[in-house]
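Since every read-out is calculated from the coordinates, none of them should be taken as a lab result. The model shown is predicted, which means the values in this text are computed figures rather than measured ones. Every residue, glycine as well, gets a Cβ built from its backbone with ideal geometry; the counts of neighbours run over all protein chains shown.
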Amino acid sequence: KNQVEQSPQSLIILEGKNCTLQCNYTVSPFSNLRWYKQDTGRGPVSLTIMTFSENTKSNGRYTATLDADTKQSSLHITASQLSDSASYICLHNYGQNFVFGPGTRLSVLP
Amino acid sequence: NAGVTQTPKFRVLKTGQSMTLLCAQDMNHEYMYWYRQDPGMGLRLIHYSVGEGTTAKGEVPDGYNVSRLKKQNFLLGLESAAPSQTSVYFCASSRPGLSSEQYFGPGTRLTVT
């Protein structure tokens, strides 16, 4: 069983709409929770990093939330653009342990 | 700044062949990492380095060796390639601290037949 799970596996939305991606983790303890954007054929790019004491972090149209009690995080994308089409990956980090989720594939259509 | 670069971009090997993947960064980062990414799975850490001359094992180190002779370079070696090592390999670098933001390279797609 994956220690970091993401849902949905894939998502299709229309340009201009909002969406929310989910990340659930079972790994303990915890240093930080990160979200990455990965364009097809490229390396991941960091969007947000949240420590245990933070419950929200924004980066432009991207807002990540963290509930350490329920071990859930979400990434909300506002007013989606075609360039948001990518995979979004959640990472749980503690020390030298890096547990990545399998990602959510987002497609934004015109 | 080029950031993190990886050489080669693509490679096809036959089972039993060896090769070295090169990662270079120009951000003066202390820490460097090698990951592999397989379909339907998350990225997995192979080896990492917290400084020149030091390396450490990650989650899936078997079948790989690494070296960090220079601060800006991190090499990943496959001594005897196996089909199970078919994957996309990503290098990353960061400032000191395993909680620091990581900057990824563009990846190397390796196929072992």
Subject >> Per principal axis, descending, Cα span of chain B in whole Å >> reply: 37, 29, 26
Subject >> Nearby aspartates and glutamates by direct alpha-carbon distance to residue A:17 (threshold 15 angstrom, same-chain neighbours under 8 apart not counted) >> reply: A:84
Original post:
What value does the protein assembly as shown have for Rg/Rh, both radii from Cα atoms and Rh as Kirkwood defines it?
Top reply: 0.97
Original post:
Amide H of residue A:103: which non-local residues (sequence gap of 5 or more, or other chain) have their own amide H closer than 5 Å, using H built in the peptide plane?
Top reply: A:6, A:90
**OP:** Multiply the residue gap between residue B:109 and residue B:80 by 0.36 nm, knock off their C-alpha separation, and tell me the result in nm, one decimal place.
**Re:** 8.7 nm
**OP:** For the stretch B:51-66, just list the computed ³J(HN,Hα) in residue order, Karplus coefficients 6.51, -1.76 and 1.60, θ = phi - 60°, integers in Hz, with x standing in for Gly and Pro.
**Re:** x, 3, x, 10, 9, 8, 7, x, 6, 10, x, 5, x, 10, 10, 9
**OP:** Excluding residues fewer than 8 places away in the same chain, name every one of the lysines whose C-alpha is closer than 26 Å to that of residue B:70.
**Re:** B:9, B:57
**OP:** Can you list which of the trypsin sites (Lys or Arg not before Pro) found in the stretch B:26-112 are DSSP loop residues with at most 14 other C-beta atoms within 10 Å?
**Re:** B:70
**OP:** Within a 10 angstrom radius of each residue's Cβ in A:92-98, how many Cβ atoms of other chains show up on average? Whole number is fine.
**Re:** 5
Original post:
Taking the Cα centre of chain A as origin and charging only Cβ (+1 Lys, Arg; -1 Asp, Glu), how large is the dipole, in debye to the nearest 20?
Top reply: 140 debye
**OP:** Please state, as a whole number in µm²/s, the translational diffusion coefficient that the Stokes-Einstein equation yields for the stretch B:35-88 at 25 °C and 0.890 mPa s, with Rh defined as the Kirkwood radius across alpha carbon pairs.
**Re:** 206 µm²/s
Original post:
Hey, what does the equivalent ellipsoid look like for the stretch B:18-63, semi-axes from the Cα gyration tensor as sqrt of 5 times each eigenvalue, largest first, whole Å?
Top reply: 20, 12, 12
Original post:
Between residue B:17 and residue B:57, what length comes free when the chain is fully extended (0.36 nm per residue of separation minus the Cα-Cα distance, one decimal in nm)?
Top reply: 12.2 nm
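For chain A, what Kirkwood radius comes out of the mean inverse Cα-Cα distance, in Å?
13.9 Å
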Original post:
Once you average over the residues of A:40-46, how many Cβ atoms of partner chains fall within 10 Å of each Cβ?
Top reply: 6
Original post:
residue A:30's amide H: which non-local residues (gap 5+, or another chain) put their own amide H closer than 5 Å, with H modeled 1.01 Å from N in plane and none for Pro or chain starts?
Top reply: none
**OP:** Taking amide H positions as placed in the peptide plane 1.01 Å from N, state which residues far from residue B:3 in sequence (5 or more) or on other chains have amide H under 5 Å from it.
**Re:** B:26
